[in-house]
Amino acid sequence: MEDKKLVIKIDNVKKIYPVENGNDVVALNGVNLDIYENEFICVVGPSGCGKTTLLNIIGGLEQPTSGEATIHGRKILGPGPDRGIIFQQYALFPWLTVKKNVMYATKFIKHEVQATKKNKETGKMEPVFTTDENGNQVPLMKRVHYTKTEREAIAKKYIDMVQLGAFENKYPKELSGGMKQRVAIARGYALNSEVLLLDEPFGALDAQTRSQLQEDLLRTWEKERKTCFFITHDVDECVLLASRVIIMSARPGQVKEVINIDLPYPRTQATKLEPKFQEYRNHIWDVVYKMYVDSGSINNK
Amino acid sequence: MAKKETKPKGWLKEKLTPQFVKDYFAKREEEIAAVDLVNLSKPVNDVATSGPKKMKDFSLWPGWKTALVGVGGVIFVIIIWWIYAAICDATGEMSFLSSPVGVCEAFYEQAIASSNLWRHLGSSLQRVIVGYLIALVLSIPVAFLMAWYKPVRAFFDPFIQFLRCVPPIAYVPVVVAIFGTTEQAKYFVIFLAVFLTMTVTIYQGVRNVDLTLVKAAYTFGARDRNLFLGVIVPNAFPFILTAMRLGVGAAMTTLVAAELTGTSIGLGYFIQSQGSQLIMDNCIMGILVLGIFGIIFDKGLLFLEKKATRWK
């Protein structure tokens, strides 16, 4: 395979939740994982295997008890706009319309533009240049917030992408669950973070809506190839979306198996009919089901 | 009645030996295991087909019907009052209870023929507004600080819990002792009642913020300051409006107590003095005016609340 750029490194991460009367809950027990650029990683595993904890650690919402998570070698100390999160509970601001919700994503981030300076003689704004270490003339860049107009344009693009143009002035309470999740996805994309973390985003949706949103997500990902870290408990979903599947085991949460899904993109729901898809699916299902049985979640008398 | 048999002291301790408890639960286990689930008769299902008798569903009632019942109820009570007053008048008993006609006459005398009522109402409204505004301005930061910082909460909580249980009329003498019979005394009584109500409500609103929204804001790069103005305040906003409505209620109901701190003007004073002189026409008229103004304020704020929280 060609050179892959390492983005996130999970290095022997342990997470222990202290419980008052001893019996501390070990959510993650020494997880190692490298996430490369343009990967679509899906994490599956039984409930209680620490999937969400792992996502929260990458997202900076929780700190590991030991070990560390880094992004481009920098230790993850808190949440930041380089790692967008799409939550299962949508997390839309109920007091903002669809458009304003998506615009919120670009409110605090900055981008680089060439500095300009007013020419005193002509009274016109002119770009500013500087010289780099090699003595070449290079544009002088400065970091600025997006203007309101730019933010509106960005919001519009992603609202159109999730086909909610007709609803941009509605409040979240006026939307169905699937539409709310589409707004959340639009907002996640509008942030244009390097990595997108998705925490069971389609978990609460009906089967039809879920299929639709899976396809939407695939189309978008195929276009931008943004690094995705997607948590699910749906085996079909993980094979359909992922370029790499991480199977985790529960109590203590550990990486059980890593599987490269060698199915070409673009994928559609029809991909599910391919024999290779079935093979992956059956294999993952076996591993996950076996863990359920072993953990006693299913009584197999 | 036969004398109840008294059990010897410590009988419970004697009976509840570890062995007894163990045997008891073992017996229960046996009983549960012995239930013949196969031949257990099925639940009776004929209830669902006939269905329980339902109450009439009024949820689709049009607004005018609801209004009609409300207005009709008020007219009904006035008629009953009128008849009762007429009977009392005819028999000569309890003749000091006024009739609706008497109240209307009193209103004409006090509000149209003279400006007596408006004078009283004016100074009462001033007290309500001043006390209310001070409470509004102070309760918002206090409630936010209480919700945000545990030490602030620990400091204010005992005072708030204590004062919430004491009716304002009880601390009137103390207020007089501190402020005398000044206007400040009236402001203070109203302020205290409104402040307590509003602080508790707004505090709940701040605390009730959905933590996922806070997390989401952080992932978009929001700092604490952005979080406060962009998430915490809008989230608490409906609660602030509800608190403002509850505050109006508290202000209006405390007005009479406030004007017990010694005054010769004000609607509360008017109601009290006319009542104690048995001029019931004026007294009831004053009560009605007080209540109607309360309703007007409440509806006004309700209207604003609906406008401002369309997203809710």
Can you figure out the FRET efficiency of B:Tyr84 with B:Arg207, using R₀ = 51 Å and their beta-carbon distance, to the nearest 0.05? 0.55
For the protein assembly as shown, whose charge dipole is built from +1 on Lys and Arg Cβ atoms and -1 on Asp and Glu Cβ atoms, the candidate among B:Gln204, B:Val71, B:Leu60 with its Cα farthest towards the positive end is B:Gln204
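Per-residue counts of other Cβ atoms within 10 Å, averaged by peptide: what ranking do you get for B:222-232, B:16-26, B:127-137, B:159-169, highest first? Walk me through the numbers on the way to the answer.
Numbers: B:222-232: 15.2, B:16-26: 10.0, B:127-137: 19.6, B:159-169: 12.4.
Packing proxy ranking, top to bottom: B:127-137, B:222-232, B:159-169, B:16-26.
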For chain A, the longest principal axis of the Cα atoms and the Cα long axis of helix A:177-190 enclose an angle in degrees, to the nearest 10, of 50 degrees
Quick one: Cα centre-to-centre distance for region B:293-312 and region A:206-257, in angstrom? 46 Å
Dipole size in debye (nearest 20) for chain A around its Cα centre, Lys and Arg Cβ +1, Asp and Glu Cβ -1? 1040 debye
R0 of 35 Å, Cβ-Cβ distance B:Lys306-B:Asn116: FRET efficiency to nearest 0.05: 0.45
20 Å reach of a label modelled at A:Tyr17, 7 Å along Cα-to-Cβ, counting backbone N of region A:181-210: A:198-201, A:203-204
In deg cm²/dmol, rounded to the nearest 500, the helical mean residue ellipticity at 222 nm of chain B, built from -39500 (n - 2.57) for every DSSP H run of length 4 or more, is -23500 deg cm²/dmol
At 7 Å along the Cα-to-beta-carbon direction for both A:Leu140 and B:Cys104, put a label point, then send me their distance in nm to one decimal. 8.3 nm
How far apart, in nm, are two points set 7 Å out from the Cα along the Cα-to-Cβ line at B:Asp57 and at A:Thr271? 4.5 nm
Rounded to whole Å, give me the distance from the Cα center of region B:105-135 to that of region B:226-280. 14 Å
Partner chain Cβ atoms within 10 Å, averaged over the residues of A:81-93 - can you pull that number for me? 4
Amide H contacts under 5 Å for A:Lys256, restricted to residues at least 5 apart in sequence or on another chain and with H modeled in the peptide plane, are A:Ile247, A:Met248, A:Ser249
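Among residues other than A:Pro46 whose Cβ falls under 12 Å from its Cβ, what is the net charge (Lys/Arg +1, Asp/Glu -1)? Could you put the intermediate results ahead of the total?
On the way: positive: A:Lys51, A:Arg251, A:Lys256, A:Lys290; negative: A:Asp294.
Neighbourhood net charge equals +3.
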For chain B, what is the relative contact order in percent, using Cα pairs closer than 8 Å and at least 6 residues apart in sequence? 20 percent
Between 0 and 90 degrees, rounded to the nearest ten: what's the tilt of helix A:148-161 against the longest Cα principal axis of chain A? 40 degrees
The long-range amide H neighbours of A:Val43, using H built 1.01 Å from N in the peptide plane and a cut-off of under 5 Å, are A:Phe230, A:Ile231, A:Thr232, A:Ile246
For chain A, just give the cysteines left without a disulfide-compatible partner, judged by no other Cys Cβ under 4.7 Å. A:Cys49, A:Cys228
J(HN,Hα) series, region A:199-212, from Karplus relation 6.51 cos²θ - 1.76 cosθ + 1.60, nearest Hz, glycine and proline x: 9, 6, x, 9, x, 9, 9, 6, 4, 5, 4, 4, 4, 4
Relative contact order [Cα under 8 Å, 6+ residues apart], region A:140-200, whole percent: 36 percent
Per residue of region A:51-60, in order, report the coupling 6.51 cos²θ - 1.76 cosθ + 1.60 (Karplus, θ = phi - 60°) as ³J(HN,Hα) in whole Hz, putting x for Gly and Pro. 4, 5, 4, 4, 5, 5, 5, 5, x, x
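So, counting K/R as plus one and D/E as minus one, what does the shell of residues with Cβ under 14 Å around B:Pro168 add up to? Provide the component values of the computation, followed by the final result.
Details: positive: B:Arg127, B:Arg164, B:Lys186; negative: B:Glu259.
Local net charge: +2.
Using a cut-off of 11 Å between beta-carbons, work out the net charge of the residues near A:Val113 (Lys and Arg +1, Asp and Glu -1, A:Val113 not included).
Numbers: positive: A:Lys110, A:Lys142, A:Arg143; negative: A:Glu112, A:Glu150.
Taking every other residue near A:Val113 into account, the sum is +1.
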Here the whole-number average of other chain Cβ atoms within 10 Å per Cβ of B:206-213 is 3
5 Å is the cut-off here: which amide hydrogens, built 1.01 Å from N in the peptide plane, fall below it relative to A:Glu168, excluding neighbours closer than 5 in sequence? none
Quick one: Karplus J couplings for region B:102-114, per residue in order, coefficients 6.51, -1.76, 1.60, θ = phi - 60°, nearest Hz, x for Gly and Pro? x, 5, 4, 4, 4, 4, 4, 4, 7, 10, 10, 5, 10
Give me the percent relative contact order of chain A, please, defined on Cα pairs under 8 angstrom at least 6 residues apart. 25 percent
Acute angle (nearest 10 degrees) that the helix B:233-258 long axis makes with the longest principal axis of chain B, alpha-carbon atoms: 60 degrees
Alpha-carbon centroids, region A:5-40 and region A:105-171: separation in whole Å: 37 Å
MRE, 222 nm, helices only [DSSP H, n ≥ 4, -39500 (n - 2.57), over chain A, to nearest 500]: -9500 deg cm²/dmol
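Report the charge-dipole magnitude of chain B in Debye, nearest 20, computed about the Cα centre from +1 at each Lys and Arg Cβ and -1 at each Asp and Glu Cβ.
Numbers: 30 positive and 21 negative charges, 251 e Å.
Rounded to the nearest 20 debye, it is 1200 debye.
Laboratory data are not the source of any read-out in this text; all were calculated from the coordinates shown. Keep in mind it's a predicted model, so treat the numbers as computed, not measured. With ideal geometry, Cβ positions are generated from the backbone for all residues, glycine too; neighbour counts draw on all protein chains shown.
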